[in-house]
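The values are calculated or read from the model by the stated rules, or taken from the named source; none is laboratory data. Not measured: the values here are computed from a predicted model. Glycine also receives a Cβ, built like all others from the backbone with ideal geometry; neighbour counts cover every protein chain displayed.
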């Protein structure tokens, strides 16, 4: 959950404070990442939070890879905030 939040936060830092997220609450992290990705970038949630929780610490890599590809395709078309452009 935190990894997805990190990717989303890079493009939409105004949506949530990454520093307040906890690895102890994966459900909240998945929900947050999937919701912001959909609402701000139109990225369909190809993964369901409940499914990710059921898979535990070793989710199906193909499922995760497919969603990461979708994130990349959509987010690469969105200009990151100026602050992020300066870092890279």
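A single entry from 77, 73 fulfils the requirement of being more than 22 Å from residue 22 (Cβ to Cβ), outside any helix (DSSP H, G or I) and modelled with pLDDT under 95: 77. Residues in segment 1-31 that are touching a residue at least 24 places away in the same chain (Cβ under 8 Å) and within 17 Å of residue 70 (Cβ to Cβ): 1, 4, 5, 7, 8, 10, 11, 12, 30. If you go through segment 24-70 and keep only what is at pLDDT 95 or above, exposed (fewer than 13 other Cβ atoms within 10 Å of the Cβ) and in a loop (DSSP other than H, G, I, E, B), you end up with just 24.
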